[in-house]
Amino acid sequence: TAAAFPVGISIGASWDVDLARRIGTALAEEVKSKGAHAALAPTVNIQRSVTNGRNFECYSEDPELTADLAVAMIEGLQGEGVGATIKHFAGNESEIERTTISSDIDERTLRELYLVPFEAAVKQAGTWAIMSSYNKVNGTYAAENHWLLSKVLRDDWGYDGIVMSDWFGSRTTAP
């Protein structure tokens, strides 16, 4: 058996940061009851298109609200000793051709919109893990995107935790 929790879009509709924290805490207890140590959550992609069949998992179209809810969820999970895995890093706003599509987004838009929740997760909540997305970002798969993984995540934000690919998100080994 498993407990059922509200989906991300429902949490986003509440605008209730404390509720997100409490859900994170309760979810941590559920994870531990299954003998696990990490949750593959939260999903923080921005609801920008109707072609994203996973919008229900995401909190909002607003990057600041999404960031606030993500930080609270991560604090709830990790406060109980369960690792959070924020996902899908980054630009994963379409389910159409999700494993081959290139999300072509200029740097300013990435930093001011799509990366905001991830940056907050790293800098404010200290997320233990990040999951890369299937898609390409500006022509390079997210799981091997040097600019995203090294320049932004490691150098700019100082992240030193694990980055994992989505289930079949790794395309090659060298990059």
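Values for this structure:
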item: Accessible surface of THR109 - all protein chains present, 1.4 Å probe, nearest 10 Å²; result: 50 Å²
item: When region 70-166 is reduced to its Cα atoms, the Kirkwood hydrodynamic radius in Å; result: 13.5 Å
item: Charge context of TYR59, other residues only, Cβ under 14 angstrom, K/R +1, D/E -1; result: -3
item: Placed amide H near TYR141: partners under 5 Å, 5+ positions off or other chain; result: none
item: For the chain, share of DSSP beta bridges that run antiparallel, in % to the nearest 5; result: 15 percent
item: Length-normalised contact order of region 9-119 in % [C-alpha pairs under 8 Å, at least 6 apart]; result: 35 percent
item: Alpha-carbon spread of region 27-125, three principal axes, descending order, Å; result: 39, 26, 18
item: Carbon and sulfur %, accessible surface of the chain computed with the full protein complex present, 1.4 Å; result: 53 percent
item: Listed residues ARG171, ARG22, ARG108 arranged by accessible area, highest first, probe 1.4 Å; result: ARG108, ARG22, ARG171
item: Extension gain (nm, one decimal) between SER49 and GLU29, 0.36 nm per residue minus Cα-Cα; result: 3.9 nm
item: Kirkwood-Stokes translational diffusion coefficient of region 106-153, alpha-carbon pairs, 20 °C, 1.002 mPa s, µm²/s; result: 189 µm²/s
item: SER102 - accessible surface, heavy atoms, 1.4 Å probe, Å² rounded to 10; result: 40 Å²
item: Reciprocal mean inverse distance between Cα atoms of region 69-113 - Kirkwood radius, Å; result: 12.8 Å
item: Spatially proximal aspartates and glutamates relative to LYS151 (Cα-Cα < 14 Å; intrachain offsets below 8 disregarded); result: GLU107, GLU119, ASP160
item: Radius 12 Å from Cβ of ALA121, net charge of other residues (Lys, Arg +1; Asp, Glu -1); result: -1
item: Computed over the chain, Kirkwood Rh from alpha-carbon pairs, angstrom; result: 16.0 Å
item: Exposure of SER60 as accessible area (Å², to 10), given a probe of 1.4 Å and all protein chains; result: 10 Å²
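The values are calculated or read from the model by the stated rules, or taken from the named source; none is laboratory data. Quantities reported herein were computed from a predicted structural model and do not represent experimental measurements. Cβ atoms come from the backbone with ideal geometry, glycine included; neighbour counts cover every protein chain shown. Ligands, DNA and RNA are stripped out before the accessible areas are found, and what is left, the full protein with its side chains, is counted by its heavy atoms. Shrake-Rupley method; radii C 1.70, N 1.55, O 1.52, S 1.80 Å.
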